[in-house]
1. For residues that are in contact with a Leu (Cβ under 7 Å, 6 or more places away or on another chain) and either under 12 Å from LEU201 (Cα atoms) or crowded, with 24+ Cβ neighbours inside 10 Å (or both), tally how many sit in the range 8-23.
2. So which residues in the range 112-170 are out of contact with any Leu (no Cβ under 8 Å at 6 or more places or on another chain), among the acidic types (Asp, Glu), in a helix (DSSP H, G or I) and under 20 Å from ARG102 (Cα atoms)?
3. Residues in the range 64-121 that are among the polar types (S, T, N, Q), farther than 21 Å from ALA22 by Cα and either modelled with pLDDT under 95 or in contact with a helix residue (DSSP H, G or I) (Cβ under 7 Å, 6 or more places away or on another chain) (or both): how many?
4. Looking only at the range 165-204, how many residues end up being more than 15 Å from PRO144 (Cα to Cα), over 15 Å from the mean Cα position of the chain (by Cα), among the small types (Gly, Ala, Ser) and surrounded by 15 or more Cβ atoms within 10 Å (Cβ to Cβ)?
5. Among the residues of the range 27-60, write down those that are closer than 19 Å to VAL115 by Cβ and either of a type outside the set (Gly, Ala, Ser) or more than 20 Å from the chain's Cα centre (by Cα) (or both).
6. For VAL189, all conditions in the list (1) assigned to a helix (DSSP H, G or I); (2) of a type in the set (A, V, I, L, M, F, W, C); (3) touching a strand residue (DSSP E or B) at 6+ places or on another chain (Cβ under 7 Å) hold save one; what is the number of the exception?
7. Considering only residues that are touching a residue at least 40 places away in the same chain (Cβ under 8 Å) and closer than 24 Å to ASP111 by Cβ, look in the range 69-87 and name the one that is farthest from the chain's Cα centre (by Cα).
8. Would you point out the residue of the range 195-212, among those that are touching a residue at least 24 places away in the same chain (Cβ under 8 Å) and not aliphatic (A, V, I, L, M), that is farthest from GLY33 (Cα to Cα)?
Amino acid sequence: MRVVAIDGPAGAGKSTVARALAQRLGLEYLDTGAMYRAVTFAAVHRGIPLDDTTQIGQLSREVMLTVNERGVVVDGIDATEQIRSAEITGSVSAVAANSEVRAEMRARQRDWAEVRGGGVIEGRDIGSVVFPDAALKLYLTASPRVRAERRVAEVGGDVDDIERAIAARDNSDSSRADSPLREADGSIVLDTSGLSIEAVLSTIEGLLNNPE
(Lines give C-alpha, C1' and ligand atoms only; values in the text may rest on other atoms or scores of the structure.)
Protein backbone atom coordinates (compact mmCIF):
# COMPACT_ATOMS: atom_id res chain seq x y z
CA MET A 1 0.00 0.00 0.00
CA ARG A 2 1.45 3.34 -1.09
CA VAL A 3 0.28 6.30 0.99
CA VAL A 4 1.49 9.89 0.70
CA ALA A 5 0.42 11.67 3.88
CA ILE A 6 0.05 15.44 3.76
CA ASP A 7 -0.64 17.26 7.02
CA GLY A 8 -0.65 20.89 8.01
CA PRO A 9 -2.81 23.75 9.25
CA ALA A 10 -5.81 25.26 7.45
CA GLY A 11 -4.95 27.28 4.37
CA ALA A 12 -1.45 25.87 3.86
CA GLY A 13 -2.32 24.57 0.40
CA LYS A 14 -2.83 20.91 1.34
CA SER A 15 -5.93 20.30 -0.75
CA THR A 16 -4.63 21.96 -3.91
CA VAL A 17 -1.28 20.21 -3.66
CA ALA A 18 -2.77 16.83 -2.74
CA ARG A 19 -5.24 16.83 -5.64
CA ALA A 20 -2.59 17.76 -8.18
CA LEU A 21 -0.09 15.28 -6.76
CA ALA A 22 -2.63 12.45 -6.85
CA GLN A 23 -3.27 13.14 -10.53
CA ARG A 24 0.44 13.11 -11.33
CA LEU A 25 1.02 9.86 -9.43
CA GLY A 26 -2.11 8.13 -10.70
CA LEU A 27 -3.42 7.71 -7.16
CA GLU A 28 -6.76 8.58 -5.61
CA TYR A 29 -7.09 11.55 -3.26
CA LEU A 30 -8.86 11.84 0.08
CA ASP A 31 -9.60 15.07 1.94
CA THR A 32 -10.04 13.89 5.52
CA GLY A 33 -10.97 17.37 6.68
CA ALA A 34 -14.10 17.08 4.55
CA MET A 35 -15.04 14.00 6.56
CA TYR A 36 -15.03 15.93 9.83
CA ARG A 37 -16.93 18.76 8.18
CA ALA A 38 -19.45 16.21 6.93
CA VAL A 39 -20.05 14.87 10.44
CA THR A 40 -20.47 18.45 11.65
CA PHE A 41 -22.98 19.11 8.86
CA ALA A 42 -24.89 15.97 9.81
CA ALA A 43 -25.05 17.06 13.45
CA VAL A 44 -26.33 20.51 12.53
CA HIS A 45 -28.80 19.04 10.05
CA ARG A 46 -30.17 16.66 12.70
CA GLY A 47 -30.18 19.31 15.43
CA ILE A 48 -27.69 17.51 17.67
CA PRO A 49 -25.87 19.85 20.09
CA LEU A 50 -22.19 19.93 19.16
CA ASP A 51 -21.17 19.75 22.82
CA ASP A 52 -23.06 16.48 23.33
CA THR A 53 -20.03 14.26 22.87
CA THR A 54 -21.95 11.00 23.29
CA GLN A 55 -24.55 11.78 20.61
CA ILE A 56 -21.92 13.19 18.25
CA GLY A 57 -19.81 10.07 18.72
CA GLN A 58 -22.79 7.85 17.94
CA LEU A 59 -23.64 9.98 14.92
CA SER A 60 -20.12 9.54 13.51
CA ARG A 61 -20.60 5.76 13.51
CA GLU A 62 -24.06 5.90 11.93
CA VAL A 63 -23.72 8.64 9.32
CA MET A 64 -23.37 7.65 5.67
CA LEU A 65 -20.51 9.57 4.05
CA THR A 66 -19.19 9.69 0.52
CA VAL A 67 -16.15 11.91 0.02
CA ASN A 68 -14.51 11.96 -3.39
CA GLU A 69 -13.51 14.22 -6.27
CA ARG A 70 -17.15 14.69 -7.25
CA GLY A 71 -18.12 16.11 -3.90
CA VAL A 72 -19.42 15.21 -0.45
CA VAL A 73 -22.68 13.35 0.16
CA VAL A 74 -24.02 13.07 3.72
CA ASP A 75 -26.94 10.72 4.33
CA GLY A 76 -27.92 11.07 0.69
CA ILE A 77 -27.69 14.88 0.73
CA ASP A 78 -25.20 16.68 -1.52
CA ALA A 79 -23.37 18.77 1.08
CA THR A 80 -20.37 19.73 -1.05
CA GLU A 81 -20.98 23.46 -0.70
CA GLN A 82 -22.66 23.45 2.71
CA ILE A 83 -19.69 21.89 4.50
CA ARG A 84 -17.62 24.94 3.51
CA SER A 85 -20.12 27.41 4.99
CA ALA A 86 -19.13 29.80 7.76
CA GLU A 87 -21.38 27.90 10.19
CA ILE A 88 -19.65 24.56 9.60
CA THR A 89 -16.18 26.14 9.45
CA GLY A 90 -16.77 27.73 12.83
CA SER A 91 -18.06 24.50 14.38
CA VAL A 92 -15.88 21.74 12.97
CA SER A 93 -13.07 22.06 15.52
CA ALA A 94 -15.43 21.04 18.34
CA VAL A 95 -16.52 17.93 16.44
CA ALA A 96 -12.97 17.08 15.34
CA ALA A 97 -11.82 17.18 18.97
CA ASN A 98 -14.27 14.39 19.90
CA SER A 99 -12.24 11.21 20.46
CA GLU A 100 -15.08 8.93 19.35
CA VAL A 101 -15.41 10.84 16.10
CA ARG A 102 -11.68 10.71 15.50
CA ALA A 103 -11.54 6.97 16.13
CA GLU A 104 -14.36 6.34 13.65
CA MET A 105 -12.97 8.65 10.97
CA ARG A 106 -9.49 7.12 11.29
CA ALA A 107 -10.97 3.66 10.80
CA ARG A 108 -12.82 4.82 7.70
CA GLN A 109 -9.67 6.46 6.34
CA ARG A 110 -7.64 3.28 6.78
CA ASP A 111 -10.38 1.24 5.10
CA TRP A 112 -10.44 3.71 2.21
CA ALA A 113 -6.69 3.34 1.66
CA GLU A 114 -6.76 -0.44 2.05
CA VAL A 115 -9.40 -0.82 -0.66
CA ARG A 116 -7.44 1.39 -3.08
CA GLY A 117 -3.95 0.20 -2.27
CA GLY A 118 -3.02 3.65 -0.95
CA GLY A 119 -3.55 7.20 -2.10
CA VAL A 120 -2.68 10.81 -1.42
CA ILE A 121 -4.36 11.59 1.88
CA GLU A 122 -4.42 14.99 3.50
CA GLY A 123 -5.47 16.20 6.91
CA ARG A 124 -4.02 17.07 10.29
CA ASP A 125 -3.01 13.71 11.78
CA ILE A 126 -2.44 11.52 8.74
CA GLY A 127 1.31 11.02 9.10
CA SER A 128 1.37 11.29 12.89
CA VAL A 129 -1.50 8.91 13.72
CA VAL A 130 -3.44 7.40 10.82
CA PHE A 131 -0.57 6.29 8.57
CA PRO A 132 2.69 6.59 10.53
CA ASP A 133 4.36 4.22 8.04
CA ALA A 134 3.36 6.21 4.95
CA ALA A 135 5.75 6.13 1.99
CA LEU A 136 6.17 9.90 2.35
CA LYS A 137 5.04 12.16 5.17
CA LEU A 138 4.78 15.88 4.48
CA TYR A 139 3.85 18.80 6.69
CA LEU A 140 2.80 21.83 4.63
CA THR A 141 2.69 25.17 6.38
CA ALA A 142 2.61 28.90 5.66
CA SER A 143 2.35 32.03 7.75
CA PRO A 144 -1.15 32.87 9.06
CA ARG A 145 -1.09 36.07 6.99
CA VAL A 146 -0.32 34.26 3.75
CA ARG A 147 -2.98 31.67 4.48
CA ALA A 148 -5.52 34.41 5.18
CA GLU A 149 -4.65 36.18 1.93
CA ARG A 150 -5.13 32.93 0.02
CA ARG A 151 -8.53 32.39 1.62
CA VAL A 152 -9.62 35.93 0.76
CA ALA A 153 -8.53 35.39 -2.84
CA GLU A 154 -10.72 32.28 -2.98
CA VAL A 155 -13.87 33.33 -1.13
CA GLY A 156 -13.47 37.00 -0.19
CA GLY A 157 -13.68 38.55 3.26
CA ASP A 158 -11.51 40.69 5.50
CA VAL A 159 -7.94 39.46 5.66
CA ASP A 160 -7.41 40.58 9.26
CA ASP A 161 -10.56 38.81 10.47
CA ILE A 162 -9.64 35.65 8.60
CA GLU A 163 -6.08 35.74 9.92
CA ARG A 164 -7.43 35.88 13.47
CA ALA A 165 -9.81 33.00 12.76
CA ILE A 166 -6.96 30.94 11.29
CA ALA A 167 -4.78 31.58 14.35
CA ALA A 168 -7.65 30.51 16.60
CA ARG A 169 -8.19 27.33 14.56
CA ASP A 170 -4.47 26.55 14.73
CA ASN A 171 -4.56 26.88 18.51
CA SER A 172 -7.63 24.66 18.79
CA ASP A 173 -6.23 21.98 16.49
CA SER A 174 -2.78 21.92 18.09
CA SER A 175 -4.01 21.90 21.69
CA ARG A 176 -6.73 19.23 21.50
CA ALA A 177 -6.09 16.13 23.60
CA ASP A 178 -6.71 13.58 20.82
CA SER A 179 -4.38 13.63 17.81
CA PRO A 180 -3.29 17.27 17.99
CA LEU A 181 -1.96 18.98 14.89
CA ARG A 182 1.81 18.50 14.85
CA GLU A 183 4.69 17.52 12.63
CA ALA A 184 4.87 13.73 12.48
CA ASP A 185 8.10 11.94 13.26
CA GLY A 186 9.98 11.60 10.00
CA SER A 187 7.85 14.15 8.17
CA ILE A 188 9.34 16.73 5.83
CA VAL A 189 8.27 20.31 6.46
CA LEU A 190 7.54 22.50 3.44
CA ASP A 191 6.77 26.18 3.95
CA THR A 192 4.64 27.12 0.96
CA SER A 193 4.47 30.86 1.75
CA GLY A 194 6.55 32.00 -1.20
CA LEU A 195 6.16 28.99 -3.46
CA SER A 196 3.93 28.33 -6.44
CA ILE A 197 1.93 25.11 -6.58
CA GLU A 198 4.23 23.88 -9.36
CA ALA A 199 7.29 24.51 -7.21
CA VAL A 200 5.76 22.59 -4.30
CA LEU A 201 4.82 19.68 -6.58
CA SER A 202 8.29 19.55 -8.10
CA THR A 203 9.83 19.44 -4.63
CA ILE A 204 7.54 16.59 -3.58
CA GLU A 205 8.20 14.61 -6.75
CA GLY A 206 11.92 15.01 -6.11
CA LEU A 207 11.46 13.60 -2.59
CA LEU A 208 9.53 10.63 -3.93
CA ASN A 209 12.11 9.91 -6.61
CA ASN A 210 15.07 10.41 -4.28
CA PRO A 211 13.89 9.47 -0.79
CA GLU A 212 17.40 9.56 0.65
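1. Total meeting the criteria: 7.
2. Hit for the range 112-170 is GLU114, nothing else.
3. Within the range 64-121, residues that are among the polar types (S, T, N, Q), farther than 21 Å from ALA22 by Cα and either modelled with pLDDT under 95 or in contact with a helix residue (DSSP H, G or I) (Cβ under 7 Å, 6 or more places away or on another chain) (or both) number 6.
4. Selection size over the range 165-204: 1.
5. The answer is LEU27, GLU28, TYR29, LEU30, ASP31, THR32, MET35.
6. (1)
7. Selected residue: ALA79.
8. My answer is PRO211.
The values are calculated or read from the model by the stated rules, or taken from the named source; none is laboratory data. Small disclaimer: the values here were computed from a predicted structure and weren't measured. Positions of Cβ are backbone-derived with ideal geometry, glycine not excepted, and every protein chain shown enters the neighbour counts.
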